[in-house]
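Read the figures in this text as sums done on the coordinates, not as results from a lab. Values in this document were obtained by computation on a predicted structure and should not be read as measured data. Cβ sites come from the backbone with ideal geometry, for glycine too, and all protein chains shown count toward neighbours.
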Amino acid sequence: MQPKDLLQLSEQFGSPIYVYDADKIKSQYNRLTKAFSKVEKLRINYAMKALSNIAILQLLEEMGSGLDTVSIQEVQLGLHAGYAPERIFYTPNGVSLEEIEEVNALGVQINIDNLSILEQFGAKHPNVPVCIRINPHVMAGGNENISVGHIDSKFGISVHQLPHLVRIVENTKMNIIGIHMHTGSDILDIEVFLYAAEILFDAARNFKNLEFLDFGSGFKVPYKKDDIETDIEELGKKLSKRFNEFCTEYGKNLTLIFEPGKFLVSEAGQFLAKVNVIKQTTSTVFAGIDSGFNHLIRPMFYGSQHVIENISNPKGKERFYSVVGYICETDTFANNRRIAELKEGDILSFKNAGAYCYSMASNYNSRYKPAEVLWMNGQGHLIRAHETFEDLLKNQIPLPVKAKV
Ligand SMILES: Cc1ncc(COP(=O)(O)O)c(C=O)c1O
């Protein structure tokens with residue numbers, strides 16, 4: 001998408017907005033399937049926590065994707081968007097047995113990540129085919145909040161507990177059809193995937209009825225020019241070979257599953273916001289925008305560095321700015337960043353705003369959440385309207401007049 005297209009969308013739909021490029025989502029999906037084309041049965045389950053707008057879900061469904069979900073509400077959104085239940089995978093963490101049973105009743109594939117629930121679920125529903133989430137104890141991921149496969153992590157069943165797990169399966173006679181792991185997000189080195197894959201293969205040797213192995217996700221995408229990214233093609237070559245060898249050893253063509261979020265949608269998204277104020281201080285020049293961490297929390301939460309462009313003046317002389325939000329706490333998007341000269345009213349574009357941006361947005365400071373626009377076939381389609389005052393009041397119940405003190 002060109003700056004002039006983005007500028008036009010900002011004029012048409014107002015500020016701030018999220019814009020997603022359908023072609024980029026498609027090309028990432030195709031890149032991943034191509035990299036693993038040597039695997040006979042491959043399934044991509046889009047991790048919808050990254051971006052859960054139903055138009056995006058529909059787009060990925062049309063491409064052939066399944067869905068990775070973590071809550072019953074995500075499952076319901078997936079069904080609403082048109083996914084068949086058997087194309088939805090449910091990987092919760094720390095949820096109740098009741099929620100798992102409700103999701104199971106919807107016909108969705110259950111993935112269980114602790115022994116307590118496994119035992120209870122197995123005792124009550126021995127005939128339901130279940131996947132188990134293993135914690136391989138591999139330290140991987142770009143940030144401690146997104147490293148989820150290490151020894152201190154709350155996720156998955158420790159590989160060291162496999163003998164206990166196998167005893168539960170034998171006692172309950174439950175049917176384990178899949179093994180899953182997800183070691184973290186933003187994994188730089190493909191050797192980490194390959195190392196963790198061997199642990200998964202070892203775990204798989206304990207079960208005779210497997211249909212699939214799910215390697216989770218964690219592919220690192222570039223945030224700026226020449227940034228490190230997971231070499232998907234190289235990973236595809238190496239992991240496909242090892243996977244096919246394992247299938248021969250196992251005696252069955254298993255399905256290989258990935259559940260990427262960021263890889264599919266991060267680079268497709270841009271966040272557009274307007275410069276409200278330029279404020280020169282003794283130490284820096286602040287550009288204050290009509291947004292804050294209520295709309296884009298990643299820089300504050302994960303320290304992510306989004307490239308910021310002035311699309312109103314893309315060829316302007318570069319100057320240093322600290323780009324900040326309007327929230328009543330420090331909410332800095334960038335410190336002393338070179339950006340083409342800014343003036344009040346200019347529109348900034350924040351790159352890599354497709355994943356974990358809108359989906360983590362809130363109404364903090366009683367601000368409205370932004371609109372979302374899908375750029376498809378050279379046109380912008382509104383896929384979520386800006387909120388209004390009614391949205392802020394929705395579900396709130398005022399005190400009855402008589403109860404007021
Ligand atoms: C179980 C699981 N699968 C998949 C993902 C998606 O990861 P990413 O967005 O890095 O591809 C996550 C992210 O938190 C996850 O927890």
Assuming R0 = 22 Å, can you tell me the calculated FRET efficiency for the pair residue 284 and residue 313, based on Cβ-Cβ distance, to the nearest 0.05?
0.65
Taking 0.36 nm per residue of sequence separation and subtracting the Cα-Cα distance, how much length would be gained by fully extending the chain between residue 38 and residue 116, in nm to one decimal?
24.3 nm
Sorted on mean Cβ neighbours within 10 Å (highest first), peptides 230-238, 40-48 come out as 40-48, 230-238
Calculate how steeply helix 190-204 sits against the longest principal axis of the alpha-carbon atoms of the chain, using the helix alpha-carbon long axis, and give the answer as 0 to 90 degrees to the nearest 10.
30 degrees
FRET efficiency for residue 161 and residue 76, using Cβ-Cβ distance with R0 set to 51 Å, rounded to 0.05:
0.95
Over all distinct alpha-carbon pairs, what is the Kirkwood Rh of the chain in angstrom?
22.8 Å
Modelling each spin label as a point 7 Å along the Cα-to-Cβ direction, I'd like the residue 97/residue 338 distance in nm, to one decimal.
6.1 nm
Tell me the net charge near residue 23. Cut-off is 14 Å between Cβ atoms, residue 23 excluded, with +1 for each Lys or Arg and -1 for each Asp or Glu.
-1
Rg from C-alpha atoms of segment 29-167, normalised by the globular rule of thumb 2.2 N^0.38 Å, equals 1.11
Local electrostatic count at residue 172 - Lys and Arg +1, Asp and Glu -1, tallied over other residues with Cβ under 12 Å:
+1
Take the Cα radius of gyration of segment 22-264 and divide it by 2.2 N^0.38 Å, with N its residue count; two decimals is plenty.
0.96
Sequence gap at least 6, Cα distance under 8 Å: using those rules, report the relative contact order of the chain to the nearest whole percent.
19 percent
